Amino acid sequence: MFTFAYRLTGREHDAEDLVQDVVVKLYPRLDELESVDHLRPWLHRVLYRHFVDTIRKRPAGREINTSALDLHDEQTPFLETRVGSEPDPLANVEWDIRSQTLKRLLGELHPDQRTLLLLHDADGWRQEDIAEVLDVPIGTIKSRLHRTRALLRTKLQEELEPFEQQLRGLK
């Protein structure tokens with residue numbers, strides 16, 4: 001629940017508060033929780049709805065950045081992983097530039113797009129579970145995921161093309 005809350009709020013202490021609020025709300029109803037068939041999606045749906053309610057209660061003039069990940073935080077270790085043995089120094093530079101570009105472009109995505117992409121691709125959520133939590137049809141999740149991936153792919157290609165041309169000149 002904390003990871004999902006962090007994806008929504010973008011800040012560790014806000015995520016902790018959100019999870020705590022939901023747990024406090026649900027604690028008196030523990031008997032009812034036993035009857036829930038798929039607890040994980042149900043809990044995330046409750047968390048998401050509580051998050052939305054919290055956002056609606058905030059003053060209108062205050063800007064709220066939902067799911068604004070602190071991209072310098074260790075919440076995205078999947079971007080740092082490498083497969084195989086230690087590559088040569090040029091490959092290290094290439095990896096670092098690609099990784100930093102991807103992090104920056106993820107940060108530039110609309111918060112809903114970023115959250116959907118990270119929930120599915122980084123956290124491994126099933127599309128059905130995301131649809132249930134967000135209370136939208138599975139087809140909507142599929143199309144949004146497809147559009148977000150295509151947008152990110154296009155931005156990555158545009159950003160990395162000049163760098164890749166320079167790399168080809170060094171090799």
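No lab work stands behind these numbers, since they all come straight from the coordinates. Keep in mind that what you see is a predicted model, and the values were worked out from it rather than measured. No Cβ is skipped: glycine too gets one built from the backbone with ideal geometry, and neighbour counts run over all protein chains shown.
Using the Cα gyration tensor of the stretch 1-66, with a ≥ b ≥ c the square roots of its eigenvalues, what is the shape: rounded (a/c below 1.5), prolate (a/b larger than b/c) or oblate (neither)?
prolate
Gap in Å between the Cα centre of the stretch 118-138 and the Cα centre of the stretch 1-28?
Between the Cα centre of the stretch 1-28 and that of the stretch 118-138, the gap is 18 Å.
Please work out the FRET efficiency for the pair R56 and V93, using the Cβ-Cβ distance as r and a Förster radius of 45 Å; give the result to the nearest 0.05.
0.45
What does the charge add up to near A150, with Lys and Arg as +1, Asp and Glu as -1, over the other residues with Cβ less than 14 Å from its Cβ?
Overall, the nearby charge balance is +4.
Between V24 and R49, what is the spin-label point distance in nm, taking each point 7 Å from the Cα along the Cα→C-beta axis?
Inter-label distance under the simple model: 2.0 nm.
Placing unit charges on C-beta atoms (Lys and Arg positive, Asp and Glu negative, everything else neutral), compute the dipole magnitude of the stretch 1-66 about its Cα centre in debye, rounded to 20.
It comes to approximately 340 debye.
Nearest 0.05, what FRET efficiency do V36 and Q165 give at R0 = 41 Å with Cβ-Cβ as r?
Plugging the Cβ-Cβ distance into 1/(1 + (r/R0)^6) gives 0.15.
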